[in-house]
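The values are calculated or read from the model by the stated rules, or taken from the named source; none is laboratory data. What you see is a predicted model, and the numbers here were worked out from it, not measured in a lab. Here Cβ is always computed from backbone atoms with ideal geometry, including for glycine, and neighbour counts include all displayed protein chains.
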Amino acid sequence: MRDFSCPMCGQQLTFENSVCLRCGSAIGFDLGAVSMVAILPEDDADGPASGAVPARRYRLCDNLHLARCNWIVGRDEPGLCRSCRLTRTRPADDDTDALAAFADAEAAKRRLIVELTELGLPLTGRDTDPDTGLAFDLLSSRDEQVLTGHASGVISLDLAEGDDVHREQLRIEMGEPYRTLLGHFRHEIGHYYQMVLIATPAVRARFEALFGDPDADYQAALDRHYSEGAPDGWEDEFVSSYATMHPAEDWAETFAHYLHMRDALDTAAGFGFAPAGAALDRPQPGPAGFDKLLERWLPLAWSLNMVNRSMGHTDLYPFVLPPPVLVKMRFVHELIVARTG
């Protein structure tokens, strides 16, 4: 994620800002430019008479208040920004607790959408592809059970995951070192991109050689995992114990960790403590590209873990990447590079 600033006064901004706290300007995020723009009043949309500010015919997304969305749409365009349009289902208006969690989930989803866009990955919505297009159902479990997961392009999220206490309890119960809203989104979007990227017999054969048969009985694998747990020695071949459950979960976990790595490197580069070449806007093609990413990621992850420990927190990235996981992650990298050029 970039280091943003107000285009009117230069004040440093966060990705979530919709107002500059120094000059009071209305601010919006422009996905196409990956930058902040000023939202000028309608009667001042062509800028001041001096011509110092170019025309900014934008307005903020209709979800500004409901989802705290600070993304822009064209002044004459209808409704929602590109990220919010991907959400198919949200909580009812009277479910105030879930609506607060919905806003948190949308904030995490916007970070995901930026990263995927910068990686050049397709984001084909349900409006274009009604059968397998991407959509998000962000659901309240107030009145019914909700399962976080993916099915044919639809990513469902139980908004209870937005509650820190609930999420931490589940993390401990399930023996997970890491559990966040953004982590859920990165994992589930991995299932979506399995459909998109594993698209030819040759790629399928490579997938099976690394991960196994993605069509293996999922329910049987699920039952086995929760009755027997991960096999002994899983740490030597998998990024997490959950990845051992089924080849599709191994892929999704590996894909998520690739996104963790790329976004953390991008943010570090944006703030000057990783080389500029680590940023998402700097392509990393060829076999050497992944090698360079690893050369930058491993010392960064180690140093961030040590900083966390110095503040009395657990490791920021509490994972080890054994050689077989790096081979799988390289495969993910190669597929993304091949798809995006």
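Side notes on the structure shown:
- Within region 99-112, the presence of a residue that is farther than 30 Å from residue 215 by Cβ, modelled with pLDDT under 90 and surrounded by 21 or more Cβ atoms within 10 Å (Cβ to Cβ) is excluded.
- Qualifying positions in region 126-140 - surrounded by fewer than 20 Cβ atoms within 10 Å (Cβ to Cβ) and either of a type in the set (A, V, I, L, M) or within 26 Å of residue 18 (Cα to Cα) (or both): 137
- Which listed residue is farther than 19 Å from residue 108 by Cβ, of a type in the set (Gly, Ala, Ser) and in contact with a Gly (Cβ under 7 Å, 6 or more places away or on another chain), from 279, 274, 256, 248: 279
- Residue 184 vs. criteria surrounded by 20 or more Cβ atoms within 10 Å (Cβ to Cβ) and at pLDDT below 95: yes
- Scanning region 1-38 for residues that are modelled with pLDDT under 90 and of a type in the set (A, V, I, L, M, F, W, C) yields a total of 1.
- Residues that are in contact with a strand residue (DSSP E or B) (Cβ under 7 Å, 6 or more places away or on another chain) and in contact (Cβ under 8 Å) with a residue 24 or more places away in the chain, drawn from region 125-140: 125, 126, 134, 135, 136, 137, 138, 139
- Filtered residues of region 120-140 (kept if among the small types (Gly, Ala, Ser) and touching a Leu at 6+ places or on another chain (Cβ under 7 Å)): 125, 135, 140
- Residues in region 6-29 that are touching a residue at least 24 places away in the same chain (Cβ under 8 Å) and assigned to a strand (DSSP E or B) were compared, and the one that is surrounded by the fewest Cβ atoms within 10 Å (Cβ to Cβ) is 26.
- Qualifying position, being part of a loop (DSSP other than H, G, I, E, B), farther than 16 Å from residue 161 by Cβ and either aromatic (Phe, Trp, Tyr) or under 16 Å from the mean Cα position of the chain (by Cα) (or both), among 69, 84: 69
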